[in-house]
Amino acid sequence: MFRTSLYTNLTLIAAIIVLAALPPFLGIYYGNLVTRLMILGIFAMSLDLLIGFTGLVSFGHAAFFGLSGYILGILMMDTESASLFWVLPACLAGTALAAVVVGWFSVRTSGIYFIMITLAFAQMMFYFFNENTALGGSDGMFIFSKPTLAIGSWNPLDLEDHHTFYYLTLVSLVLSYLGLRQLLRAPFGQVIQGIRANENRTRALGYATNHYKLVSFIIAGTLAGFAGFLEAMHTSIISPAHLGWHESGAAMMTVILGGMGTLYGPVIGAFALGFLHDWLQDVTTNSMLYMGLFVIAVVLFLPRGIAGLPADIARLLRRKPPTETEDEP
Amino acid sequence: MSLATFLIQLLNSVQYGFLLFLVASGLTLVFGIMGIINLAHGAFYMFGAYVVWWLFGYTESLTLSILLGVPLIMILGFAIERLAIARLYHRDHLYQVLLTYGLILVLNECQKIFWGSDFYSVPVPELLSGSIPLTENQVYPVYRVFISVVCMLLAAGMYVLIQKTRLGMTIRAGASNREMVQALGININWVFAIVFSLGAALAGFAGMIGAPISSVYPGMGDQILIISFVVVVIGGIGSIKGAFIGAMLIGLADTFGKVLVPDFASMAVYATMVVILIWRPQGLFGQPVH
């Protein structure tokens, strides 16, 4: 069962309050950076549902992130403005459909084969957009206007405004977290966590595990599509690089760095990696070298990620050596 | 498509397939024997190509550059195995993927620091720069035939090494039962280090011998890595025979895909993989998944 301690909940609420209070102090550049990191946090959270809770290591998760952006780009190609109320459902439906197809084939395999087949599907989509000159080929396409929230002449929120979009993203992040938390506490969530712990036993209990894995894959893919939708709206550009395996790898890195199987961990991971990268770009020209070394160090020395740090430190203070079994919940 | 064109494409497929096999065999050995997913394998291919270009500047000879370069890549592989990979043997695949992903970032950046981000080319050796006439106006370069022959010899050499020598016997035993091999008093860590360095050397060699026909550029390792994974998964992870068949299939799919459906050639490779995995989820020669 997915539980968070009172201490964790209070910290999360404090973090939300801080994020909500920040915009006036951030300026345009950091405002945009934090908006982007919150979007990447949603994306990483959706991957955590697969890796951390269902035990499915998807190496092609960015496919849904980018696909949704492309659907938005295609829908906005010929119109001056479109209503968010039909553009968003269209993007989510398109992504969900792709997740159904990819998931239907992928959940039959397991282990490394699952890693590789999700990668193969993502690469297929990557090359589809990369070689499609009508959609800008490898340069991608611009999205000239954002969808609006206007109903008739009444426009409650102007999404072109940076602050408004910041708060929209923050609300999305919080709702995604709460939604996933609710899902994991529901019977469905307990079954997928059972699959992660021991698929054979879960099947022996009478659950059609493949169906549960597929549904989990679709939910994660659709949520990744939602993040991709926000990202494309935010940056006004979509390119094949959004679907590439580097992006999928980075998302995996975010989840594990933050702490998989915690939901809020991946968001911490997104912020940590994002600010680290931003800072490295300022101080060195070889930022990726240090990013790489950082990732290696995390794998070797912080197996449970940043979210596991308080527990690790507490254990250290009690002078109890870490044991392998504690890493596997 | 005329017969001559078909023949040329077929030869190209086989030559590409052989190069892929060199890279993929190292990948499949490392997975089959050590249980390690090594995403940084493509970096050895890239380093091979860059090292041979760099040495060529001093030696002016491709053969000499390769002879000097292969030990360098082997040392690089050995160092990486000892320093990083060796700590991952009992960890989940997830962490292996992540650590080797970090290695890619580091190695790609090192390549940029050492050699910059320009495209380079290595000339084909004088002796092998000719062409074989096939019809009146279609020729086939000798160097490509040479690559196929060399790779064929290497594949045969690997077969002998694995099937007929004591080291090969140990490697095969290690692949089927690691604990038992250790119980028999063989230092499995030493075997792992050898296998990993050999795999790195094979990938590096593929990069070196392929350098004259494909230019040397940043990111070349990433591209070959993903294709090699497709090959390994199609063939069945851990199976050398599977890697060979897989490499040839992908060589055919890629080359003929470019001729027949030029717009979607890159997708042809992945579509092949998906079809094969639906038919046999464990690959052509893989052990069924438990």
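Number of residues in region B:253-268 that are closer than 19 Å to B:THR28 by Cβ and either touching a Gly at 6+ places or on another chain (Cβ under 7 Å) or outside the structural domain of B:LEU225 (by TED's automatic domain parsing) (or both): the value is 0. Within region A:128-140, is even one residue part of a helix (DSSP H, G or I), surrounded by 15 or more Cβ atoms within 10 Å (Cβ to Cβ) and away from chain B (no Cβ under 14 Å)? For region A:128-140, residues part of a helix (DSSP H, G or I), surrounded by 15 or more Cβ atoms within 10 Å (Cβ to Cβ) and away from chain B (no Cβ under 14 Å): absent. Look at (1) at pLDDT 85 or above; (2) under 21 Å from the mean Cα position of the chain (by Cα) and you find that B:GLY35 fails only one, number (1). Selection within region B:253-279: residues that are in contact (Cβ under 8 Å) with a residue 40 or more places away in the chain and surrounded by fewer than 20 Cβ atoms within 10 Å (Cβ to Cβ). The member of this set that is farthest from A:THR133 (Cα to Cα) is B:ILE276.
Within the span defined as region A:254-262, every residue fails to be without any contact (Cβ under 8 Å) to a residue 60 or more places away in the chain, away from chain B (no Cβ under 14 Å) and in contact with a Ser or Thr (Cβ under 9 Å, 6 or more places away or on another chain).
Conditions tested, residue by residue: (1) in a loop (DSSP other than H, G, I, E, B); (2) within 18 Å of B:GLU81 (Cβ to Cβ); (3) within 25 Å of the chain's Cα centre (by Cα).
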site: B:THR135; (1), (2), (3): yes, no, no
site: B:LEU154; (1), (2), (3): no, no, yes
site: B:LEU161; (1), (2), (3): no, no, yes
site: B:MET169; (1), (2), (3): no, no, yes
site: B:GLN182; (1), (2), (3): no, yes, no
site: B:PHE205; (1), (2), (3): no, yes, yes
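Against the numbered list (1) touching an Asp or Glu at 6+ places or on another chain (Cβ under 9 Å); (2) more than 8 Å from chain A (Cβ to nearest Cβ), B:PHE264 comes up short only at (2). Just name the residue that is surrounded by the fewest Cβ atoms within 10 Å (Cβ to Cβ) out of those in region A:199-228 that are among the polar types (S, T, N, Q) and within 15 Å of A:LEU50 (Cα to Cα). Among those that are among the polar types (S, T, N, Q) and within 15 Å of A:LEU50 (Cα to Cα), it is A:ASN210. Total residues in region B:57-74 satisfying the condition of being in contact (Cβ under 8 Å) with a residue 40 or more places away in the chain, touching a helix residue (DSSP H, G or I) at 6+ places or on another chain (Cβ under 6 Å) and over 21 Å from B:LEU107 (Cβ atoms): the figure is 0. Restricting region A:174-206 to residues that are among the hydrophobic types (A, V, I, L, M, F, W, C) and out of contact with any helix residue (DSSP H, G or I) (no Cβ under 8 Å at 6 or more places or on another chain) leaves a set whose member that is farthest from A:ILE17 (Cα to Cα) is A:ALA204. Of all the listed residues (B:ILE226, B:ILE245, B:ILE234), the sole one being part of a helix (DSSP H, G or I) and at the interface with another protein chain (Cβ under 8 Å from one of its Cβ atoms) is B:ILE226.
I need the full set of residues from region B:281-290 which are within 12 Å of chain A (Cβ to nearest Cβ) and touching a residue at least 40 places away in the same chain (Cβ under 8 Å), in order please. Answer for region B:281-290, where residues must be within 12 Å of chain A (Cβ to nearest Cβ) and touching a residue at least 40 places away in the same chain (Cβ under 8 Å): B:GLN282, B:GLY283, B:GLY286, B:GLN287. Within region B:163-185, identify whether any single residue is surrounded by 15 or more Cβ atoms within 10 Å (Cβ to Cβ), touching a Lys or Arg at 6+ places or on another chain (Cβ under 8 Å) and in the same structural domain as B:VAL51 (by TED's automatic domain parsing), and answer yes or no. No, every residue in region B:163-185 fails to be surrounded by 15 or more Cβ atoms within 10 Å (Cβ to Cβ), touching a Lys or Arg at 6+ places or on another chain (Cβ under 8 Å) and in the same structural domain as B:VAL51 (by TED's automatic domain parsing). Could you tell me which residue of region B:84-107 is nearest to the chain's Cα centre (by Cα), considering only residues that are more than 7 Å from chain A (Cβ to nearest Cβ) and of a type outside the set (A, V, I, L, M)? Of everything passing the filter in region B:84-107, B:THR100 is nearest to the chain's Cα centre (by Cα). Kindly establish whether A:TYR30 is within 30 Å of A:GLY308 (Cβ to Cβ) and among the hydroxyl-bearing types (Ser, Thr, Tyr). Here the answer is yes, as A:TYR30 does meet what is asked. Every listed requirement among (1) in a helix (DSSP H, G or I); (2) within 14 Å of chain A (Cβ to nearest Cβ) is met by B:MET46 save one, (2).
When you go through A:VAL87, A:VAL101, A:VAL57, A:VAL107 one by one, which is the residue that is surrounded by fewer than 18 Cβ atoms within 10 Å (Cβ to Cβ) and among the β-branched types (Val, Ile, Thr)? So the residue among A:VAL87, A:VAL101, A:VAL57, A:VAL107 that is surrounded by fewer than 18 Cβ atoms within 10 Å (Cβ to Cβ) and among the β-branched types (Val, Ile, Thr) is A:VAL101.
Cβ-Cβ distances below 9 Å connect the following pairs, each with a first residue in region A:88-106 that is assigned to a helix (DSSP H, G or I), a second residue that is among the charged types (D, E, K, R), and a separation of six or more residues or different chains: A:GLY103/A:LYS213; A:SER106/A:LYS213. A Cβ distance below 6 Å, combined with a sequence gap of six or more or placement on separate chains, defines the contacts here; from region B:123-146, residues that are within 15 Å of B:LEU62 (Cα to Cα) reach residues that are outside any helix (DSSP H, G or I) in the pairs B:VAL124/B:PRO212; B:TYR143/B:VAL124.
Whether a residue is assigned to a loop (DSSP other than H, G, I, E, B) and modelled with pLDDT under 90 was assessed, and B:ARG91 passes this test. Determine whether region B:54-75 contains at least one residue that is in a helix (DSSP H, G or I), more than 18 Å from B:LEU198 (Cβ to Cβ), modelled with pLDDT of 90 or more and touching a strand residue (DSSP E or B) at 6+ places or on another chain (Cβ under 6 Å). No: zero hits. Based on what the data block shows, is B:GLU81 of a type in the set (D, E, K, R), in a helix (DSSP H, G or I) and either surrounded by 19 or more Cβ atoms within 10 Å (Cβ to Cβ) or more than 14 Å from chain A (Cβ to nearest Cβ) (or both)? Yes, satisfied.
Does at least one position in region B:104-117 carry a residue that is in the same structural domain as B:ALA200 (by TED's automatic domain parsing), at negative phi and outside any helix (DSSP H, G or I)?
yes
Whether any residue in region B:117-126 is within 11 Å of chain A (Cβ to nearest Cβ) and not polar (S, T, N, Q) is what I want to check. No, region B:117-126 contains no residue that is within 11 Å of chain A (Cβ to nearest Cβ) and not polar (S, T, N, Q).
The values are calculated or read from the model by the stated rules, or taken from the named source; none is laboratory data. As the structure is a computational prediction, the values presented were derived from the model and not from experiment. All Cβ positions, glycine included, derive from the backbone under ideal geometry; neighbour counts span all protein chains shown.
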